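The values are calculated or read from the model by the stated rules, or taken from the named source; none is laboratory data. This structure is a prediction, so every number in the text was calculated from the model and none was measured. Cβ sites come from the backbone with ideal geometry, for glycine too, and all protein chains shown count toward neighbours. What goes into the accessible areas is simple: the full protein's heavy atoms, side chains included, and nothing from ligands, DNA or RNA. Shrake-Rupley method; radii C 1.70, N 1.55, O 1.52, S 1.80 Å.
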Amino acid sequence: CTVDGQRFSLGDYCSKGVSDQNNFPLMDLTRVLLYTIACTEKSVEYVHKYIGKEPSGSEGEALTLKDGKPHNPLMLTGGLAVSSLIKPALCFSERFEYFYKTVQAFTGKSEYVGFNNSLALSLKDNSNRLYAIGHYLRENKCFNHEQSVTLEQTMELFIHYCAIETNCDSAAVMAATLAAGGICPLTGEKVVYPEAVRNCLSMMNCCGVNDYSGEFMFEVGLPAKSNKAGALMLVIPNVLGMTIWSPKLDRSSNSVRGIKFCKLFT
């Protein structure tokens, strides 16, 4: 999807969620959206009181901090910390609805955005590591200092955010919104601030594809973010955004065909 709303698709794709087989959960991609939303709501300076700006050199779910903070907002630790900053005074349902509607705004409100309840339940049933990281972050005071948020609600919300699902068409519009500096190309709505997008793209450049980020930046040279569902979001600032989805993953938890396509594309 280009920054002026032109669309182009290749391969086995599905438009507007006609087939559930072509939908995938946001999973790790939520961290991109959470970061831009938090920086827009608060400020970049405020958000980075809780998280760092450095690549970790390790995989995205590593239990590691630097100077008492998550290395960056695109790691699991960073995503959890950032999620505690967004609308902490609201109740659980209102916080989820706020994030869900913002995701819809990223896609122009006309593209498919859904919720996979089965996945949410499965993630909760297998959340031992997530809760372990959450307890570690709380021990190191990485969550919101100014507004008390419970660990349980933070974990539950994060699981629900990850279970929001989309497809290649919708996620491409999200990427194009980032390419356009936070303005949705389909509606013209300013979803997030340009400063938030600029910082997010910098983070995607240096740590968007886990421990493969350095080599990806060298070989492709564009901001990207992958997830464990096999999606890869690529942004060409001021030009277009694209999403490739192919579930087979490599050792760095990136889409094998997605990485190969990006290399061929550039």
Quick note, the chain: a/c under 1.5 would make it rounded; otherwise a/b > b/c is prolate and the rest oblate (a ≥ b ≥ c, C-alpha gyration tensor); here it is rounded
The simple spin-label model distance between K101 and A89, using points 7 Å out along Cα→Cβ, in nm, is 1.6 nm
Mean separation of Cα contacts under 8 Å (at least 6 apart) over the residue count of the chain, i.e. the relative contact order in percent, is 25 percent
Taking only the alpha-carbon positions of region 113-255 as identical scatterers, the Debye log10 I(q)/I(0) at q = 0.14, 0.21 Å⁻¹ comes out as -0.83, -1.33
A 1.4 Å probe over the protein heavy atoms gives the chain a carbon and sulfur accessible-area percentage of 51 percent
Under a Gaussian network model of the chain whose springs join Cα atoms within less than 10 Å, the largest fluctuation of F218, F158, F143 belongs to F218
Stretched fully, the stretch from K190 through N140 gains (0.36 nm per residue minus C-alpha distance, one decimal, in nm) 14.5 nm
Computed about the Cα centre, the charge dipole of the chain from +1 Lys/Arg and -1 Asp/Glu charges at the Cβ has a magnitude in debye, to the nearest 20, of 160 debye
Filtered hits (aspartates and glutamates, Cα-Cα < 13 Å from K53, offset >= 8 within chain) -> E45, D67
Percent relative contact order for region 203-264, counting Cα pairs under 8 Å at least six residues apart, stands at 28 percent
XL table K66/K190; K190/K225; K101/K228; K190/K260; Cα-Cα > 27 Å flagged, in table order, is K66/K190; K190/K260
Simple spin-label estimate for N238/K66, 7 Å along Cα→Cβ, in nm, reads 2.9 nm
Heavy-atom accessible area per residue of the chain, all protein chains kept, 1.4 Å probe, expressed in Å², is 43 Å²
Out of D211, D250, D28, a Gaussian network model of the chain with alpha-carbon springs under 10 Å gives the largest mean-square fluctuation to D250
Length-normalised contact order of region 135-266, Cα under 8 Å, at least 6 apart, in percent, tallies to 21 percent
Filtering GluC sites (Glu not before Pro) in region 174-226 by DSSP loop and by at most 14 other Cβ atoms within 10 Å leaves E189
L234 neighbourhood, Cβ < 14 Å, K/R = +1, D/E = -1, net charge +3
Distance in Å, no decimals, from the C-alpha centre of region 69-140 to the one of region 159-204 is 16 Å
Out of V82, V32, V239, a Gaussian network model of the chain with alpha-carbon springs under 10 Å gives the largest mean-square fluctuation to V239
